[in-house]
1. Using the structure shown, decide if ILE65 is assigned to a helix (DSSP H, G or I), loosely packed, with under 14 Cβ neighbours inside 10 Å and either among the hydrophobic types (A, V, I, L, M, F, W, C) or in contact with a Leu (Cβ under 9 Å, 6 or more places away or on another chain) (or both).
2. Show the residue pairs that are 6+ apart or on different chains and have beta-carbon atoms under 7 Å apart, the first residue being within the stretch 104-125 and assigned by TED's automatic domain parsing to the domain that holds ARG91 and closer than 26 Å to GLY78 by Cβ, the second being modelled with pLDDT of 60 or more and open to solvent by 90 Å² or more (accessible area, probe 1.4 Å).
3. Going through ARG48, ARG70 one at a time, which residue ends up being in a helix (DSSP H, G or I), of a type in the set (D, E, K, R), modelled with pLDDT of 90 or more and more than 16 Å from the ligand (Cβ to nearest atom)?
4. Let me spell it out: the conditions are (1) exposed (fewer than 14 other Cβ atoms within 10 Å of the Cβ); (2) at pLDDT 95 or above, and GLN86 meets all of them except one. Which number is the exception?
5. Report yes if ARG106 is modelled with pLDDT of 90 or more, within 15 Å of the ligand (Cβ to nearest atom) and surrounded by fewer than 14 Cβ atoms within 10 Å (Cβ to Cβ), otherwise no.
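The values are calculated or read from the model by the stated rules, or taken from the named source; none is laboratory data. Quantities reported herein were computed from a predicted structural model and do not represent experimental measurements. As a convention, Cβ positions derive from the backbone with ideal geometry for all residues, glycine included, and neighbour counts pool all protein chains shown. These accessible areas exclude ligands, DNA and RNA; they are computed on the full protein's heavy atoms, side chains included. Shrake-Rupley method; radii C 1.70, N 1.55, O 1.52, S 1.80 Å.
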Amino acid sequence: MTKKSKSERKRLLANLEQVNEELGHLRNLMLGEVDVELDEGDTEIVEREKTAALIAVLERRQQDIEHALRVIEMGQYGICERCGGQISPARLEVKPDATLCMNCQREVESINRRSRAPRAAPSRW
Ligand SMILES: [Zn+2]
């Protein structure tokens with residue numbers, strides 16, 4: 001393991017710990033009893049939905065970090081999974097858990113967007 005990937009590993013582990021802590025906290029919130037007056041119910045539901053959305057984001061983040069850690073352990077850190085090219089250090093600086101180079105990331109995102117985006121409503125005239 002190179003010195004660089006060792007320090008990245010440390011950073012990712014610290015990051016993961018943070019995410020886990022936050023997730024634990026949010027999950028506790030979700031487990032809490034909803035104990036509100038009827039007319040406050042809506043706010044409570046909105047709050048819970050926000051919490052649930054945040055949990056989903058953090059879970060995703062957790063998976064990304066865990067994935068990046070596995071990649072480091074396999075000695076593949078900083079190498080694009082898609083094209084095998086080097087991921088630029090600048091990109092890794094911003095996103096230490098990146099597993100794709102900038103180009104591949106853009107391509108993957110545009111493919112995802114295309115397949116997920118709802119079709120434009122057909123015009124009716
Ligand atoms: Zn690539």
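1. In short, no.
2. CYS104/ARG82
3. Only one candidate passes the filter, namely ARG70.
4. (2)
5. yes
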